[in-house]
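One structure below.
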Amino acid sequence: MRAAGRRASEPVVAPVEILRITQATRATFADLFIRMGFLCFIHRGEKRVVCPRKGEMIGREGDLMIFPPGSIVTLENRPLLNGQYEADGVYFSSELIEAVFADQPAGGGPEVQILTAMAHRPEAVLALIRQTLEDAALPPPIRAHRLLEPLIWLRHHGIRLRPLPADEPLARLRGLIETDLSHPWRAAEVARHFAMSEASLRRWLGRSGHGFQQILQTTRLEKGLTLLQTTRLPISEIALDCGFKTPSHFSDSFRQRFGIKPKAIRTAAD
C-alpha cells in the first residue's frame, strides 16, 4: 500500500499520454466521464458518441474525435466484422490545454467534436505526437513546445476546448481516487485531504449530481474498462488493482454497469 503522504498529494499527470485501445465486442458505455482532454484517432471500426446537447456523432476509420476535459458521454465502439475496434487515445494535461485555449471560458462550452480523415488527415498529427514522445534526445523545452503544436493545429481547424474550473468536484475527486484505486477510500479521509468537513464534502460533490460512493465505484469500474482495452493484464489483476476484493465482484459490478462481462472486451462471443 502506498504511503499516506503520497495519497495526500494531488495526482501527478503526464503532459501527454498515448494508449492503444482495442475492443473485440460491440458495446455501449453510458455516462462515461472523460477527466482529461482526449483525442481518439480511429484506426479500425467505428465509434458512436451521444452528447447531451449535440446528439449522435459517428467517427469512422481515419477520423479524429475530440473530447473536452470533463465530458460526460455515452459511446459505442463498433468492431469490424470478424475483427476488432482499434484506436489510439491521446490524453492532454489541463496545463497544455490551458496554454492554448486559456481565452475560452472554463466549464460549459463545446462538447465532442470531429475532424474527418479525408478533409484533415489527422494521422499526421498522431505521428507528430508519437515522434515527440519517443525522441529521448529532445531537450525538455523543445519537447514541451512541440506537444503544444497538436493543440494549436486543432484550434486552427476550429476546434474549441475549454479548461475545467480549478474547483470542479468530480474531476478533482476522481483524480485523487486514481492515485491509488486499491486504497479503501472513505469520505472522512477525502474531506481531510480537501481541507473541509465531511458535510461540506457532500455538499461540494452535490454540485456534480453524484454521491461519494457512486463516484468511487464508477471511477474504479471505468479505470477497469480502460485497462481491459489498453493492456493485457489478467482480469484478476485488474480487479484487485481497481479496488475490488475478488475478480467475481469486479465481473458482476462491471456487467451491471456496462451490460457485458469483462472478458467480452477482449474476446468476441462465438
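A few remarks follow.
- The charge dipole of the chain, taken about its Cα centre with unit charges on the Cβ of Lys, Arg, Asp and Glu (plus for the first two, minus for the last two), comes to roughly 560 debye.
- Note on K54: aspartates and glutamates with a C-alpha under 13 Å away, same-chain residues under 8 apart excluded, are E111.
- Full extension of the chain between A137 and A30 gives 34.3 nm of extra length, using 0.36 nm per residue less the Cα-Cα distance.
- Inter-part distance, the stretch 30-85 to the stretch 185-232, computed on C-alpha centroids, equals 24 Å.
- Heavy-atom accessible surface of the stretch 220-260: percent carbon and sulfur, 1.4 Å: 52
- Based on protein heavy atoms only, the chain ends up with 49 Å² per residue of surface accessible to a 1.4 Å probe.
- For K261, the aspartates and glutamates whose Cα comes closer than 13 Å to its Cα, not counting residues fewer than 8 places off in the same chain, are D252.
- For the stretch 188-270, the dipole from Cβ point charges (+1 on Lys and Arg, -1 on Asp and Glu) about the Cα centre works out to 140 debye, to the nearest 20.
- Of L81, V16, H156, farthest towards positive along the dipole that unit charges on Lys, Arg, Asp, Glu beta carbons give the chain: L81
- For the chain, the relative contact order is 21 percent, taking Cα pairs closer than 8 Å that sit 6 or more residues apart in sequence and dividing their mean separation by the residue count.
- The alpha-carbon of K263 sits under 19 angstrom from the alpha-carbons of these lysines, leaving out residues fewer than 8 places away in its chain: K223, K245.
- Debye, to nearest 20: dipole size of the stretch 32-71, +1 on Lys, Arg Cβ, -1 on Asp, Glu Cβ: 120
- 10 °C / 1.306 mPa s Stokes-Einstein diffusion coefficient of the chain, Kirkwood radius on C-alpha pairs, µm²/s: 81
- The stretch 132-241 - percent relative contact order, Cα under 8 Å, separation 6 or more: 21
The values are calculated or read from the model by the stated rules, or taken from the named source; none is laboratory data. Quick caveat: nothing in here was measured; it's all calculated off a predicted structure. No Cβ is skipped: glycine too gets one built from the backbone with ideal geometry, and neighbour counts run over all protein chains shown. Note: accessible area is taken over every heavy atom of the protein model, side chains too, but ligands, DNA and RNA are not part of it. Shrake-Rupley method; radii C 1.70, N 1.55, O 1.52, S 1.80 Å.
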